[in-house]
């Protein structure tokens, strides 16, 4: 959806209407583009929101909710909005939306540089971080922001280390789907030269032990994914944390003021962060026969799945 003031584009809301399985009784789901994929191909975006010019929020939201009401859908599901999204406040929505938490994004404040960031940490985490940086120096660890010529090889290292880490725990890892890998491979090739994508590599004796992959928008870095070699712990206590700290320092020198770990409850994110941003989702079912039938199908599927789980345990 787009909103115009005369010939000027002032707002956009990227949505799609998906059709769920279930034949003629399958539901019609209205969602943000980049949500609703199969789990093994999820890109997992955060901060999805209305896009609009400052000062045009009210007009855009009002116009868009009006258009949403004219569309044929059974379930509306908007996920991972920032808590202060214009789509959530005021009386702009004609619907009573069920709001629920989607967790939080841990953020490290790099305003005024890396040393100022370390000063914002608790004394214990600050001491551990400085110790880790010294250990990296003594071990001869080499950190680099990967350039265009090395991007393909570094991306392969990222995928390999990430998959080794998770498959050893009996989990598929996010790079299990070939189409997902190719999507990000092409994204790195297109965005790395301009600095929109970042690949950072930490090595010991030319052996990659940690890679970090993320994106820069303005003065903010969003950490997307990493790969860490488990057997490197004999040389470094925490190569993953060290890579994050070194990347923070490098990005701060380039003017980046926020390092966002994005959604997740990992303890290292909470330790290295200085604040959190809350994310929410909203959902609405329309009172239609199709929606009621679709919900019954979903409920039946969950019941069968639970029975299979308990039968397996027995």
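Only the coordinates and a few stated rules stand behind these numbers; no lab work does. As the structure is a prediction and not an experimental result, all values here were calculated from the model. Please note: Cβ atoms are built from the backbone with ideal geometry, for glycine as well, and neighbour counts cover all protein chains shown.
Take the alpha carbon gyration tensor of region 111-256, find the square roots of its eigenvalues, order them as a ≥ b ≥ c, and report rounded if a/c is under 1.5; if not, report prolate when a/b exceeds b/c, else oblate. Oblate, since a/c reaches 1.5 and b/c is not below a/b.
Report the extension gain between residue 142 and residue 220 in nm, rounded to one decimal, defined as 0.36 nm multiplied by the number of residues separating them, less their alpha carbon distance.
Details: separation 78, 0.36 × 78 = 28.08 nm, distance 2.42 nm.
Full-extension gain reported as 25.7 nm.
Would you mind getting me the FRET efficiency between residue 231 and residue 83? Use the beta-carbon distance for r and R0 = 41 Å, nearest 0.05. Efficiency, from the Cβ-Cβ distance: 0.50. Residue order for 131, 263, fewest other beta carbons within 10 angstrom first, comes to 131, 263. Divide the volume of the convex hull around the Cα atoms of region 70-145 by the residue count and you get 212 Å³ per residue. Relative to the longest principal axis of the Cα atoms of the chain, the long axis of helix 289-313 makes an angle of roughly 40 degrees.
With an a/c value of 1.5 or above and a/b larger than b/c for the gyration tensor axes a ≥ b ≥ c computed over the alpha-carbon atoms, region 200-270 is described as prolate.
With respect to the chain, whose longest principal axis is taken over its alpha-carbon atoms, helix 239-253 is tilted by about 80°. For the chain, what proportion of DSSP beta bridges, expressed in % and rounded to the nearest 5, is antiparallel? DSSP beta bridges in the chain are roughly 90 percent antiparallel. Arranged from fewest to most other beta-carbon atoms within 10 Å of their beta carbon, 213, 95 become 95, 213.
Can you give the FRET efficiency for residue 206 and residue 183, using 1/(1 + (r/R0)^6), R0 = 30 Å, r = Cβ-Cβ distance, to the nearest 0.05?
According to the calculation, E is roughly 0.55.
From the alpha carbon centroid of region 191-242 to that of region 25-89 is 31 Å. If the chain linking residue 34 and residue 8 were pulled fully straight, counting 0.36 nm for each residue of separation and taking away their Cα-Cα distance, it would gain 6.7 nm. Would you please classify the overall shape of the chain from the alpha carbon gyration tensor, given that a ≥ b ≥ c denote the square roots of the eigenvalues, rounded means a/c under 1.5, and beyond that prolate means a/b larger than b/c while oblate covers the rest? It comes out prolate by the Cα gyration axes. Here the label points at residue 268 and residue 152, each 7 Å from Cα along the C-beta direction, are separated by 2.9 nm in the simple model.
Seen against the Cα atoms of the chain and their longest principal axis, helix 178-191 is set at about 70 degrees. Cβ crowding within 10 Å, taken as a proxy for footprinting-reagent exposure, orders 247, 51, 211 from fewest neighbours to most as 51, 247, 211. Our estimate of slack between residue 112 and residue 283, defined as 0.36 nm per intervening residue step minus the Cα-Cα distance, is 57.6 nm.
Among DSSP beta bridges lying fully in region 15-128, give the percent that are antiparallel, nearest 5. So the antiparallel bridges amount to about 60 percent of the total.
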